[in-house]
Amino acid sequence: MVNAVPSLDRSGSADRRIDAFGFLRHVAFQAATLGLDHVDLGLLLHLLSYAWRSGLAYVSTRRLAADVGCNPSTISRRLRRLVDRGLITPVLV
């Protein structure tokens with residue numbers, strides 16, 4: 001499970017949440033700067049499609065792999081990249 005709608009405010013002030021469309025637009029425009037490619041963007045889009053109102057996405061790496069057409073280990077590796085770039089936050093259940 002991951003927080004699929006993360007905050008983009010890193011100023012140390014209160015956590016500012018943005019809508020999913022605004023988040024995707026920001027990430028798409030900054031993809032090269034963030035070191036993201038089409039697989040990362042597709043993965044983010046699929047995570048958002050599984051997000052509940054709380055912003056948490058309850059989805060397995062297997063399900064994401066089937067959606068995106070990648071191996072589950074590729075999805076795990078890509079999720080770690082997204083976490084490292086601060087775009088998603090893993091949440092333990």
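Just so you know, all these numbers are worked out from the coordinates, no wet-lab data involved. For clarity, every value in this text was computed on a predicted model and none was experimentally measured. Cβ coordinates were reconstructed from backbone atoms using ideal geometry, including for glycine residues, and neighbour counts include every protein chain displayed.
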Practice task
Please identify every one of the chymotrypsin sites (Phe, Trp or Tyr not before Pro) in segment 32-69 that sits in a loop by DSSP and has no more than 11 other beta carbons within 10 Å of its own beta carbon.
Solution key: W52
Handout entry: segment 44-80: trypsin sites (Lys or Arg not before Pro) in DSSP loop, at most 13 other beta carbons within 10 Å
Key = R53
Completion exercise
Here the gain from full extension of A31 to Y58, 0.36 nm per residue of separation minus their alpha-carbon distance, amounts to 7.3 nm
Practice task
For A51, enumerate residues with amide H under 5 Å from its amide H, sequence gap 5+ or separate chain, H modeled in the peptide plane.
Solution key: none
Handout entry: Computed lengthening from T89 to L45, 0.36 nm per intervening residue step minus Cα-Cα distance
Key = 14.3 nm
